[in-house]
Amino acid sequence: MKKPELKTIVTITIAAFILYLCIHYWPAAAAILSTILTALIPLLIGGIFAYLINILMSFYERNFFPRSAKKFICKSRRTICLILSIISLIALIALVISLIVPQLVSCIKLLIAEIPIAIQNGISYLEQANILSEELMQKLSAINFQSEIRQIAATVFSGIGSILDLFAGLISSFISGITTTFLALVFAIYLLIGKDKLTIQITRLAKRYLKEKHYSTITHTLSIMNDCFHRFVVGQCIDAVILGVLCTIGMLLLRLPYALMIGTVIAFTALIPIVGAFLGGGVGAFLIFMQSPLQALIFLIFLIILQQLEGDLIYPRIVGSSIGLPGIWVLAAVTVGGGVFGVFGMLIGVPVAATLYRLLKNDLEQHECLRANTNSQAKS
């Protein structure tokens, strides 16, 4: 028996044995995999952070004295650009919070105050319309909805458990989230500082342990994937900012309430392709409705017109043309991604679909070109 055939048989045997162990001892294997994935979560989140920060950092690196030959600038360029990127993201998050939180708190207070009034107005309307019986109307009118809402809230909180246990659980979750985020950010910083060296090391390992054909295929696929994700993230952010600014300006001109907050919310939710702006619009319409139903209707009409103009004029130029994915496949990617992975699936569905679309398109073009050359040579 030849040596390559023996090596193949041994590989298949080992793989089959490992598969048998995983199936036979699946609970233990699942527990081990769950533990490993839990331990890797900060690293995975750190990788996502690093990729997103790298987009902004690369922009700063291209514009931070790019032609300078001074040693200090060349050595400090990456560190300074990384610091600028992190500061920019923190400033952006602080700006969003400062625009949303204060007005959101006032909206919640208004909502709590207006619910009993709205219920009473509804009862008065039903009484005037003679829809319900007099006995039922008397029972409804006798209810103090303000105290009932307070009792319901107290019952909900008492049903959850003691305040001390609830507070301890919240503190534990908060500390766990902060720790995970901190570890992920530290890992992302290490990745970004040493990304050139890390790239060289991964390239050397891949060339050593992968066949040339497999290495070329993986490199080509990752290159296209990186280009699609980069273009999508940049284009989607620019489109979201433009939509949020236009929404805010339009609401200020129409003298609609909560213009800054709703414009910020719509810009944030517009990061989700196609459906994001409507999700933010639904929240905005509900908040405006509590103050004025007519203004809420005006806002919905304005948002539909704005979204239509944005979808026809802005989005195709900024995002659609950059990733090269037809509109029908964008909708399919958002639908499938959202159905499988929720909001995260909506965010990554479009660039993943754009990657697959470009790979299939390139493969088909190469195959058709090869077939055309073969046919022309056969005819000659």
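Nothing in this text is a laboratory measurement; each read-out follows from the coordinates by a stated rule. Bear in mind the structure is a predicted one, so any value in this text is a computation, not a measurement. FYI the Cβ positions are ideal-geometry reconstructions off the backbone, even for glycines, and counts take in every protein chain you see.
Sorting E365, E61 by the number of Cβ atoms found within 10 Å of their own Cβ, with the fewest placed first, yields E365, E61.
Pairs of Cα atoms nearer than 8 Å and 6+ residues apart set the relative contact order; for the stretch 232-274 it is 51 percent. Taking each of K211/K361; K71/K195; K71/K197 in turn, the alpha-carbon distance tops 22 angstrom for K211/K361.
Using alpha carbons only, how many angstrom separate the centre of the stretch 296-370 from the centre of the stretch 41-114? The stretch 296-370 and the stretch 41-114 have Cα centres spaced 25 Å from each other.
Taking 7 Å steps out from each Cα toward its Cβ at Q291 and C74 produces label points 5.7 nm apart.
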